[in-house]
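The values are calculated or read from the model by the stated rules, or taken from the named source; none is laboratory data. Since we're looking at a predicted model, the values are computed, not measured. Here the Cβ positions follow ideal geometry from the backbone for every residue, glycine too, while neighbour counts run over all protein chains shown.
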Amino acid sequence: MEQFDYVVLGASHAGLEALRAIRAHDADGSIAVLDREARLPVSPTVLPYVVSGKCAEDRIALRERRWFDAQRVDYRQQAAAAALDTANARLRLADGREIGYGKLLLATGAAPAIPPIEGLSDVRYHVLRTLDDALALRDVASEVAGEAGRAAGRAIVLGAGLVGMHAAENLVRAGARVTVVEMRGQVLPGYFDAAAAARIEAVFRDKGVEVLTGRRVEQVAPRGEGCTLRLDGGEARDADLLLVAAGVRPEVSYLAGSGIAVERGVVVDAFMRTAAPNVWAAGDVVRTPSFFGDGTPAGGILPDAVEQGRTAGMSMAGDPALQPYPGGVSLNTYGFFGHRALSVGRDAPEGTGPEWEVLVRGEEGGDAYLKLVLRDGRLQGIFGVDVLFDPGIMWELILRRVEIGARRDVLLENPQDAARALMSGLWR
Amino acid sequence: MSATPTIAFDAERCDGCGDCMSACASAKSTDGNTAQSRIRIVRDDEAGHWGVALCRQCGDPRCASVCPAAALAKGDDGIVAWDAERCVNCLICTAGCTFGGIAFSADEGHVVKCDQCAGTPQCVTACTRGALRYVTAAKLYNRWGELEDLFVPGLGGCQGCNTELIMRHTLRRVGPNTVLATPPGCIPGMGSVGYNGMLGCKVPVFHPLLTNTASMLTGIRRQHKRKGRNVTALALAGDGGAGDVGFQSLSGAAERGEQILFVCVDNEGYMNTGAQRSGSTTYGAWTATTPIGDSARGKAQDAKNLPLLMMWHGCEYVATASTAFMEDFYAKLEAALEASERGFAYLHLYSPCTSGWRFPSASNIEVARTAVETNFAVLWEYRREQGLTLSRDIDDPLPVTDYLKLLGKFRHLDPAQIAHIERHVAEQAQVLCELAGMQPREGERIVCHPSDSMAVDLDQ
């Protein structure tokens with residue numbers, strides 16, 4: 001049986017950052033990275049741009065093989081985990097081989113969540129999580145968009161998260177007629193506050209996208225090459241292309257019987273340790289605790305996956321500079337039809353007390369929209385459409401719980417310069 | 001990965017004139033509009049100071065870690081480079097940066113960041129206030145990194161001690177053509193002479209008595225010279241081996257103008273043997289032999305100023321240095337090495353002792369820096385031809401208490417003792433100022449008048 005000091009399962013953002021952190025402290029330990037894919041690692045975030053054709057599929061690898069070689073890492077493709085034996089520190093792979101580990105990182109990410117809709121399994125639908133998914137969708141999208149002389153087909157996107165909205169835009173740009181169906185009351189729920197979402201939605205409607213929020217699909221049935229969807233109001237939509245973008249679920253199938261606790265993701269402590277000895281987890285596979293300690297959505301955020309990967313890697317290698325992971329903060333940068341929307345942190349909850357403060361500018365149809373959310377004079381969230389600021393600085397101000405009450409007006413007026421000036425002083 | 005030069009910003013000197021932004025915009029933007037500058041000077045009215053947003057060319061750039069398209073990467077030149085072809089304009093890099101160093105430019109239609117103008121940053125050139133500095137110390141580290149490390153990989157210093165840094169960097173530069181003397185103290189204790197019959201370094205090394213280091217080096221240097229070999233005679237000694245027990249041989253060799261490079265690593269006491277006082281120990285400091293009790297309040301005498309004493313010997317070269325100011329240290333090491341070809345060169349390095357002075361092991365460099373910034377340890381340089389010059393401005397020091405409060409050995413000080421130390425620091429600074437103020441006139445030396453080549457040269 002092969003044995004490595006470190007085994008990293010998964011080669012996306014969390015796994016790769018953990019690798020970097022391990023090597024930064026332990027130059028000699030043996031490391032294996034097991035990737036279930038058959039190609040160099042690719043970020044899910046870049047896939048919409050593959051669909052749109054902006055990215056060539058051979059120019060998106062996060063790392064080249066020579067990088068793994070330079071790090072003296074045994075990088076293996078098509079190596080999927082089948083079972084984990086934590087008592088004996090062994091991993092069984094899908095091909096039956098076993099690998100022993102000194103320390104193990106679970107960074108297997110997430111897979112598309114398929115909602116329980118009647119008839120969905122009987123029709124052809126797309127998801128967007130892997131490069132294969134993206135290539136398939138790219139090919140179909142151009143077909144649906146229609147050749148000359150044939151009417152453009154209709155594409156239906158289930159879910160108005162970032163994946164769904166990106167795909168909807170791509171499909172519109174390709175020439176398709178597009179409908180987006182979202183169960184919750186706004187587009188990009190959990191990413192943007194209602195007012196920002198309304199602006200984004202308005203731009204999509206303006207581009208001819210049918211946006212149905214607060215609606216459910218009750219049934220799907222085949223119709224020729226495509227399908228027919230029945231909505232909760234009883235009305236129907238025909239689709240030549242159906243994309244299911246209803247969120248993700250952690251990839252944990254191989255953890256059955258391992259004793260590792262999974263509750264909507266692998267449960268970890270502040271150093272990304274699971275309940276099992278010498279097993280860490282990071283990235284989308286983890287149930288990310290919210291920095292705010294409330295029900296604010298957390299996890300599924302790329303920079304968060306990187307932070308978790310770094311924390312896990314430092315913890316695994318015993319790096320004395322290790323700091324506890326502070327918890328997830330929602331953080332999104334979203335470009336759509338030439339506009340830019342940014343969000344960091346949380347919105348004020350319903351029925352808030354006097355310690356909360358919400359400042360808004362551009363509420364009524366102005367060019368730009370910005371909302372600041374403060375609690376006890378400290379930044380909780382900032383949401384903007386076509387207002388530039390540095391999300392990384394806002395993130396830091398939230399994590400440090402910096403008192404900004406006295407600067408609230410300048411922050412609202414010019415969030416980029418005001419936050420930069422404040423942060424510049426804090427770095428000294 | 002190589003270290004990278006950085007553009008340093010001094011808020012105290014910035015008056016917000018914006019010349020840096022104009023220079024950047026005209027160098028980098030399409031239309032010269034300062035809105036497109038990659039360095040942003042911003043005002044914090046609340047705090048009343050100017051701030052900066054600029055790429056730091058981080059060692060482990062988070063903008064690159066979070067980039068889903070591998071469009072950002074730190075190159076071999078140290079610059080975090082942006083690849084237009086790969087960038088998908090997702091702006092996630094702007095979430096990874098906490099310095100405002102990479103941001104979307106509406107005019108360019110994508111993110112922009114500083115690339116340090118291929119080694120001549122225009123913003124720095126344009127800054128007439130001295131608020132921006134192009135710090136190239138990293139280049140020195142890189143160059144030093146290429147020199148051979150002549151000590152064994154493992155030296156057994158206390159955690160956080162800067163002596164290993166001093167030893168390795170010194171011997172790297174001085175090079176293999178060296179005979180090294182390390183008298184009793186922390187340096188042989190750390191393993192310079194080796195253990196168990198194995199050498200601790202790749203050059204001939206010996207372990208003189210505390211008293212005779214400079215005498216033995218004198219003989220070795222002269223004998224090599226007689227045989228026609230030009231080797232560097234190097235001492236790495238503590239303050240006891242240099243200034244107390246070792247002083248008579250040191251003074252004699254300096255006065256004779258022996259061609260020796262003598263490096264004193266001053267941790268202000270006999271720290272290797274349990275932190276006893278030395279002549280270099282500060283007034284009021286706790287040591288094992290100057291305890292704190294009902295009547296005893298630490299050391300009752302002021303430290304002697306060993307580097308000044310050495311200067312009055314009329315050495316070729318005398319300088320003080322600190323590991324918080326490595327560029328300065330490197331420059332002085334260079335000068336000292338060169339001077340040791342002509343005569344006696346003495347380099348005095350401040351070495352805060354994490355265990356003996358009682359401060360956290362992570363703060364060594366910070367303690368060293370504060371010592372300099374409070375004028376507790378003044379950096380200066382003496383060349384026989386030019387006299388004494390101050391290496392940095394000492395007119396506006398931080399309060400001495402900023403330094404004292406960092407160290408456990410001063411925790412017991414009463415106001416009278418603090419006042420005594422403050423007075424002593426001010427007096428020493430005044431003396432140095434006056435010495436530095438005596439500018440030599442053409443063909444005339446003021447500070448010291450050693451007669452030329454009084455050294456007895458046995459070869460002649």
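Structure above, values below:
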{"read-out": "Any hit, the stretch A:400-408, residues being in a helix (DSSP H, G or I), of a type outside the set (Val, Ile, Thr), within 18 Å of A:Gly362 (Cβ to Cβ) and facing chain B (nearest Cβ under 8 Å)", "value": "no"}
{"read-out": "In the stretch B:287-329, the residues that are more than 18 Å from the chain's Cα centre (by Cα) and of a type in the set (Asp, Glu)", "value": "B:Asp294, B:Asp302, B:Glu316"}
{"read-out": "Filter pass, B:Gly197 being buried (at least 20 other Cβ atoms within 10 Å of the Cβ) and at pLDDT below 95", "value": "no"}
{"read-out": "Candidates A:Ala281, A:Ala305, filtered to the one that is within 14 Å of chain B (Cβ to nearest Cβ) and closer than 18 Å to A:Gly10 by Cβ", "value": "A:Ala305"}
{"read-out": "The lone exception for A:Ser424 - which of (1) touching a residue at least 12 places away in the same chain (Cβ under 8 Å); (2) at the interface with chain B (Cβ under 7 Å from one of its Cβ atoms); (3) more than 23 Å from the chain's Cα centre (by Cα) it fails", "value": "(1)"}
{"read-out": "Pick from the stretch B:218-232, criterion in contact (Cβ under 8 Å) with a residue 24 or more places away in the chain and over 19 Å from B:Arg173 (Cα atoms), ranking: nearest to the chain's Cα centre (by Cα)", "value": "B:Thr218"}
{"read-out": "Filtered residue count, the stretch B:70-94, keeping only those that are more than 9 Å from chain A (Cβ to nearest Cβ) and out of contact with any strand residue (DSSP E or B) (no Cβ under 8 Å at 6 or more places or on another chain)", "value": "4"}
{"read-out": "Qualifying positions in the stretch A:318-351 - surrounded by fewer than 22 Cβ atoms within 10 Å (Cβ to Cβ) and closer than 30 Å to A:Gly29 by Cα", "value": "A:Gly318, A:Asp319, A:Pro320, A:Ala321, A:Leu322, A:Gln323, A:Pro324, A:Pro326, A:Gly327"}
{"read-out": "Selected residue (criterion: farthest from A:Leu231 (Cα to Cα)) from residues of the stretch A:118-131 that are in contact with an Asp or Glu (Cβ under 9 Å, 6 or more places away or on another chain) and either outside the structural domain of A:Asn170 (by TED's automatic domain parsing) or outside any loop (DSSP other than H, G, I, E, B) (or both)", "value": "A:Leu131"}
{"read-out": "Only one of B:Arg383, B:Arg392, B:Arg358 that is closer than 24 Å to B:Ala285 by Cα and surrounded by fewer than 21 Cβ atoms within 10 Å (Cβ to Cβ)", "value": "B:Arg358"}
{"read-out": "Count - residues of the stretch A:337-350 that are of a type outside the set (Val, Ile, Thr) and within 14 Å of another protein chain (Cβ to nearest Cβ)", "value": "8"}
{"read-out": "Qualifying residue in the stretch B:214-224 (condition: part of a helix (DSSP H, G or I), basic (Lys, Arg) and within 25 Å of B:Gly314 (Cα to Cα))", "value": "yes"}
{"read-out": "Condition broken by B:Ser363, with the remaining ones in (1) within 27 Å of B:Arg423 (Cα to Cα); (2) buried (at least 23 other Cβ atoms within 10 Å of the Cβ); (3) of a type in the set (S, T, N, Q) satisfied", "value": "(2)"}
{"read-out": "Number of the condition not met by B:Asn196 [criteria: (1) closer than 18 Å to B:Pro352 by Cα; (2) not in a helix (DSSP H, G or I)]", "value": "(1)"}
{"read-out": "Residue check, B:Phe344 among the hydrophobic types (A, V, I, L, M, F, W, C), assigned by TED's automatic domain parsing to the domain that holds B:Ala253 and under 17 Å from B:Val263 (Cα atoms)", "value": "yes"}
{"read-out": "Which numbered condition A:Ser253 fails, given (1) in the same structural domain as A:Ala168 (by TED's automatic domain parsing); (2) small (Gly, Ala, Ser); (3) free of Cβ contacts under 8 Å to residues at least 60 places away in the same chain", "value": "(1)"}
{"read-out": "Options B:Ala235, B:Ala275; residue that is more than 17 Å from B:Leu347 (Cα to Cα), surrounded by 20 or more Cβ atoms within 10 Å (Cβ to Cβ) and touching a residue at least 40 places away in the same chain (Cβ under 8 Å)", "value": "B:Ala275"}
{"read-out": "Matching option when the condition is over 19 Å from the mean Cα position of the chain (by Cα) and closer than 30 Å to A:Gly175 by Cβ, among A:Arg23, A:Arg90, A:Arg59", "value": "A:Arg59"}
{"read-out": "Boolean, B:Arg168 is in a helix (DSSP H, G or I) and surrounded by fewer than 22 Cβ atoms within 10 Å (Cβ to Cβ)", "value": "yes"}
{"read-out": "Matching residues in the stretch B:373-403 - criterion: being without any contact (Cβ under 8 Å) to a residue 60 or more places away in the chain and more than 20 Å from the chain's Cα centre (by Cα)", "value": "B:Gln386, B:Pro399, B:Thr401"}
{"read-out": "Filter pass, B:Cys97 being within 10 Å of chain A (Cβ to nearest Cβ) and closer than 19 Å to B:Ile39 by Cα", "value": "yes"}
{"read-out": "The lone exception for A:Arg36 - which of (1) within 27 Å of A:Gly299 (Cα to Cα); (2) surrounded by fewer than 18 Cβ atoms within 10 Å (Cβ to Cβ); (3) among the basic types (Lys, Arg) it fails", "value": "(2)"}
{"read-out": "Considering residues of the stretch B:27-61 that are among the small types (Gly, Ala, Ser) and closer than 21 Å to B:Arg133 by Cβ only, the residue surrounded by the fewest Cβ atoms within 10 Å (Cβ to Cβ)", "value": "B:Gly59"}
{"read-out": "Residue satisfying all of: in the stretch A:379-398; more than 19 Å from A:Ser424 (Cβ to Cβ) and not acidic (Asp, Glu); farthest from the other protein chains (Cβ to nearest Cβ) among these", "value": "A:Gln380"}
{"read-out": "Elements of type strands (runs of 3 or more DSSP E) contained in the stretch A:152-249, each with 1 or more residues being farther than 25 Å from A:Pro349 by Cβ and among the acidic types (Asp, Glu)", "value": "A:210-213, A:217-223, A:236-239"}
{"read-out": "In the stretch B:251-270, the residues that are among the hydrophobic types (A, V, I, L, M, F, W, C) and more than 16 Å from B:Thr320 (Cβ to Cβ)", "value": "B:Ala253, B:Ile260"}
{"read-out": "From B:Gln36, B:Gln57, residue being under 33 Å from the mean Cα position of the chain (by Cα) and either more than 8 Å from every other protein chain (Cβ to nearest Cβ) or over 17 Å from A:Asn332 (Cα atoms) (or both)", "value": "B:Gln57"}
{"read-out": "Residue match in the stretch A:323-336 (condition: within 14 Å of chain B (Cβ to nearest Cβ), in contact with a Leu (Cβ under 9 Å, 6 or more places away or on another chain), of a type in the set (A, V, I, L, M) and not in a helix (DSSP H, G or I))", "value": "yes"}
